[in-house]
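Laboratory data are not the source of any read-out in this text; all were calculated from the coordinates shown. Computed from a prediction, not measured in an experiment: that's the story for all the values here. All Cβ positions, even for glycine, are placed from backbone atoms using ideal geometry, and neighbour counts span all protein chains on display.
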Amino acid sequence: MGRLGLLMAAVAMPLGGAALATDLEVTHWWTSGGEAAAVAEFAKAFDATGNKWVDGAIAGSGGTARPIMISRITGGDPMGATQFNHGRQAEELVEAGLMRDLSDIAAEGSWKDVVYPPTLLDSCTLDGKIYCVPVNIHSQQWLWLNNEAFEKVGLPVPTNWEEYSAAAPKLQAAGILPLAVGQQPWQTTLAFQVLLVALAGPEAYTAVFGGKDAEMAAGPELAKAFQAAATAREMSKGSNVQNWNDATNMVITGKAAGQIMGDWAQGEFQVAGQVAGEDYSCLPGLGVNEVIQTGGDAFYFPKVDDPEISAAQAELAKVMMAPATQVAFNLKKGSLPVRGDVDLAAANDCMKKGLDILAKGNVIQSPDQLMSADDLTQVNDLFVEFFNDTSITAEDAQARFAKIVSNAS
Ligand code: GAL
């Protein structure tokens, strides 16, 4: 046999008769320390099936990654699997027939019986077919605090937004930035929405974002949120980092006292060896209105005309939903599992708070679920403008907000 023949035989003959390992490229935007640690759990579990996870991390943020993912799929260069957020981000790809129907895999794994809350699976479903695997519940309704920063200025760790904002002058005097906010627009928007839900309350939030109640938008409940946002704007002056995890790092290292961010921030605290409740504290709903938002991440599988890739896709879908992977991944990610039937005895203080809120059913829908993308873009642009331009008063911003809401569909 010539060299080429030998090579071909080696390629064609699986070792010991085992199935050939298939490389599966998986794209996502998980590039921070905590995110990378969590995604490694998926890779490990998938590789254990004899296949090979080929990591397709895209740096930046979801906003950078999603257009790249979408253009690869629509452009005929699909990856094996890809992350999107729960909800409607992949809807057009599904409608265009580009995504794989996972209904058979879901039925085999009884996903309908185990996924909790059921809205997670609803977000993957179109015309009765299931197109994604929800992998976690991530809520953005959190405030993360460095305990030592407050000790340094002789204050107890705040238990709510009021105590926290009242501590700002002392923190500033001690050279500690009260509130770290990364400069990417989505982070400003996130902070603003969290303040709105916490201070105007979940009912007002749902009435305004869901019911498009313009009167409520212009009223006294919402005014509290706009005032608090003006305070947050002051508290974050001098916060000049870009990425969310750099802002989290300011809190971890005590340069800043707090950050309003989703519970993925928790992955960073963990990688830094910090202990929830000891080194850092977390206040869901800013300690005012304890709710969580049942958004998160889901994986989609582009349709491919290759039986080996298809088989590897099915394997990955099953692995992601498997109880052991759900626990290992979510403990590192700072998110909650999508299964109601897994043992989370190892959950830390903050995750326990999240699980408790979930069990009470204190959940809200995300802005993406309640408002059209066009209307939401206007709202988000306003929040970003307000946060970056101190000449805009809280009253002016609220009036502009109410106008957007009155025109929203
Ligand atoms: C969100 C995603 C989280 C986390 C975060 C920051 O969209 O749901 O898992 O990755 O972005 O990267």
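Some notes on this structure:
- Model label zone, A311; criterion: amide N under 14 Å from point 7 Å along Cα-to-beta-carbon; scope the range 102-137: none
- Ellipsoid fit via the Cα gyration tensor, the chain: semi-axes of 40, 24, 19 Å, each the root of five times an eigenvalue, largest first.
- Subtracting the Cα-Cα distance of A166 and E95 from 0.36 nm times their residue separation leaves 20.6 nm of extension gain.
- Separation between Cα centres of the range 301-329 and the range 54-77, rounded to whole Å: 18 Å
- Taken over the Cα atoms of the range 250-409, the convex hull encloses 183 Å³ per residue.
- The convex hull defined by the C-alpha atoms of the range 133-223 has an orientation-averaged projected area of 8.3 nm².
- Largest-first principal axis extents of the Cα set of the range 52-162 (Å): 60, 34, 29
- Pairs exceeding 26 Å between alpha-carbon atoms, taken from K318/K360; K52/K333; K129/K303: K318/K360.
- Partners of K403 within straight-line reach, counting lysines whose Cα lies under 26 Å from its Cα and excluding those fewer than 8 residues away in the same chain: K212, K224.
- In this label model, N362 and D374 are separated by 3.7 nm, measuring between points 7 Å along each Cα→Cβ vector.
- When each of the peptides 350-359, 202-211, 388-397, 280-289 is scored by the mean number of other C-beta atoms lying within 10 Å of its residues, the order from highest to lowest reads 280-289, 202-211, 350-359, 388-397.
- Once the Cβ-Cβ distance of T390 and R88 is raised to the sixth power relative to R0 = 35 Å, the FRET efficiency obtained is 0.50.
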